[in-house]
1. What translational diffusion coefficient, in µm²/s and rounded to a whole number, does the Stokes-Einstein relation yield for chain B at 4 °C and a viscosity of 1.567 mPa s, taking the hydrodynamic radius as the Kirkwood radius over Cα pairs?
2. Can you check what the net charge comes to around B:Ala161, using other residues whose Cβ is under 12 Å from the Cβ of B:Ala161 (Lys, Arg +1; Asp, Glu -1)?
3. What's the total accessible area buried between chains B and A, using a 1.4 Å probe, rounded to the nearest 100 Å²?
4. Loop-only check: which GluC sites (Glu not before Pro) in region B:138-203 are DSSP coil with at most 15 other Cβ within 10 angstrom?
5. Can you pull the accessible area of A:His139 for me, 1.4 Å probe, Å² to the nearest 10?
6. In nm, what does the list of distances from A:Gly284 to its counterparts in the other copies look like, shortest first, when each label sits 7 Å along Cα to Cβ?
7. I'd like to know how the protein assembly as shown sits against the 2.2 N^0.38 Å rule of thumb: what's its Cα Rg over that expected value?
8. Take the alpha-carbon positions of region A:18-95, form their convex hull, and give its projected area averaged over all directions (one quarter of the hull surface) in nm².
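The values are calculated or read from the model by the stated rules, or taken from the named source; none is laboratory data. Since we're looking at a predicted model, the values are computed, not measured. Counting neighbours? That spans all protein chains shown, and the Cβs are built from the backbone with ideal geometry, glycine included. Note: areas computed on protein heavy atoms with side chains; ligands, DNA, RNA excluded. Shrake-Rupley method; radii C 1.70, N 1.55, O 1.52, S 1.80 Å.
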Protein chains: 2
Amino acid sequence: MKIDVAEGSLFGLDNLPYGVFSTPGTGPRVGVRVGDQVVDLAAALGDEVFAQPTLNAFMAQGRRRWDEVRERITELVSGEVPDAAVHPVRAVTLHLPVAVADYVDFYASEHHATNLGRLFRPDSAPLMPNWKHLPVGYHGRAGTVVVSGTDIVRPSGQRKAPDEAAPTFGPSRRLDIEAELGFLVGTGSELGSAVPVEEFAERVFGAVLVNDWSARDIQAWEYVPLGPFLGKSFATSISPWVVPLAALEAARVPTPGQDPAPLPYLTEREPWGLDIELTVSWNGQEVSRPPYREMYWSPAQMLAHMTVNGAASRTGDLYASGTISGPEKEQRGAFIELSWGGREPVVVNGEERTFLADGDEVVISATAPGTRGGRIGFGEVRGRILPAR
Amino acid sequence: MKIDVAEGSLFGLDNLPYGVFSTPGTGPRVGVRVGDQVVDLAAALGDEVFAQPTLNAFMAQGRRRWDEVRERITELVSGEVPDAAVHPVRAVTLHLPVAVADYVDFYASEHHATNLGRLFRPDSAPLMPNWKHLPVGYHGRAGTVVVSGTDIVRPSGQRKAPDEAAPTFGPSRRLDIEAELGFLVGTGSELGSAVPVEEFAERVFGAVLVNDWSARDIQAWEYVPLGPFLGKSFATSISPWVVPLAALEAARVPTPGQDPAPLPYLTEREPWGLDIELTVSWNGQEVSRPPYREMYWSPAQMLAHMTVNGAASRTGDLYASGTISGPEKEQRGAFIELSWGGREPVVVNGEERTFLADGDEVVISATAPGTRGGRIGFGEVRGRILPAR
């Protein structure tokens, strides 16, 4: 069959994101999205690397191979595709597209870091002295990265408000989101070697949307001195479609400007800022439009930093940008910022909200300029809050 | 053949630790150590679960199966073992025994946390307000966990001394160790569910020694507000032999006492403190004897805490205790404590040392009471420092 792509589709031939899907009675395997169809790559290309339940084997094959496959897919879907290899996206189940190796979360938005600093440490300078010298980051829990659509059970834990004498145990009362962009390492690097900023496009396979669910009350009590732990580790959702780096060529922009100039190992010769526009919807109502182009540190700088100490990287490593917040209030990518620590409720469908209520649903989506003049999309990351168990 | 176990061996029939070994021309597979011999379990028991390059498949089978196999091995090595299944430990190569899923590092020694607080934050209370309410921990880099004997390349990164105006880039000048005990999860738990303290022995397969190599200068500059990252992520070494939890029955002791009483989800009904004595050798000279029995939080409490927010756990999850330090100076498990931030050098073989020099070698070993009246051993974790690249 010939695959129709509607005018203005976010999934035209300049996008071609990869995912892992299944249909009733068949196991998970790799597909590519074209318009509203999923093309079964194992069936269409006859290549066993796609007959697997994750993208990892393909991701490990490297940039040259990724480029070849992208060309082959472009040819394939421009012509006749065997009927048996095409499934409407509505008829498939989408799975976690990768086996996540290590998961790192950065903190690369100056606006977000400044807002959080004001909220968590009102008596000190909002940005720490290190913040403009290095992309601050930490390791998260790879085993709780889940695919869009997975319900999120409200986490329980220890919380202590500043006016309470001792912590209490119970469901989080300040459950929040963080709208982020995540990057997936395809070809890793060995222990003892560093990845230069110039190797970003050689190493990184593509990008996904990330919702780094955050229990702010648990986080505020636990995070000194070793950083966030249970306030984050209960779940991190990612979008099912991995947008190849090649599809983001037209989105590349310089970062907004770095002062002081970063150390040589963080100095970019090519721009890897990205002009991606996110949208955050809360129970169906758009509440924020975080602009990725405002991020202080680029993903190439993050990868160079993450490995400069000789840490190995592996196929399937996921690293996320940290919350994307712009300078305007309606560009903030976390509810703790939108509601200013809960003091300025947001009206969602006529109801006042500060943090997430049980039953609430959050959808993060994003678009970027495509290479054919229109726009491409990321596929959304969606999650609904279930009551604490 | 009949396997001889020398009188006083740390690897008698009350130990039987598991590891992954290879011999020239054959691939890695599971073995058990008896005296100075390694028994090839796939060959001796004819079970394919041991014909694999990691312990994960066996670890996933659960407590009942671990107990059955331990009984079978005890019978086997008490009688005649086929010659082809026995290899002298000196003739085999030992490999990383598990595919590490997530790696978490705790901070469970009150003496260590107090010492580090004094050194890193001399102007504040050494213990944070949360410390006696929960086992503080954070996620580390699973992909850089390496087996004993792996050389450690000195990491480079950003360091800034308090009297310097800006950070500089270069090899760490304050490279340190942390002597720890690590626990390996055998049977995991699902997203949204918590593991009660009572389930520790059902879930945890065994223990290893851990050296959490730490670049103190990199760590001090980067760690606010999100915790240690590159100061730790370049390498974490573990011992090749996994001591089964069943072998530690005689080592169980109550923790030293917790005040305030922990919240109910952290309250133990059975003691899971462990009377394990570690030894740290620096270039062959013993410099410290950290006592595990002094740890404030037990490993059962750590696992309960790590999952109380509903975070899933997986086969192969590794969580470590944090540096083991006792109340005495000669019981401190990190060189930053032994040398008090570099101000009180340690004399090692006649040479003054504060932090690690290139070429230095550190060996951590440990023993515990066995169930037959003698002692059992952990097998050492060894590492040598190579110059920065």
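1. Numbers: Rh = 21.4 Å.
Translational diffusion coefficient: 61 µm²/s.
2. Numbers: positive: B:Arg159, B:Lys160, B:Arg173, B:Arg174, B:Arg216; negative: B:Asp163, B:Glu164, B:Asp217.
Combined, the nearby Lys, Arg, Asp and Glu give +2.
3. On the way: alone 16050 and 16060 Å², together 26830 Å².
What B and A bury together is about 5300 Å².
4. Values: sites: B:Glu164, B:Glu178, B:Glu180, B:Glu190, B:Glu198, B:Glu199, B:Glu202; in loops: B:Glu164, B:Glu178, B:Glu190.
Filter output for region B:138-203: B:Glu164, B:Glu190.
5. Here the accessible area works out near 10 Å².
6. 7.7
7. Against the compact-globule rule of thumb, the ratio is 0.95.
8. On the way: hull surface 19.0 nm².
Value for region A:18-95: 4.8 nm².
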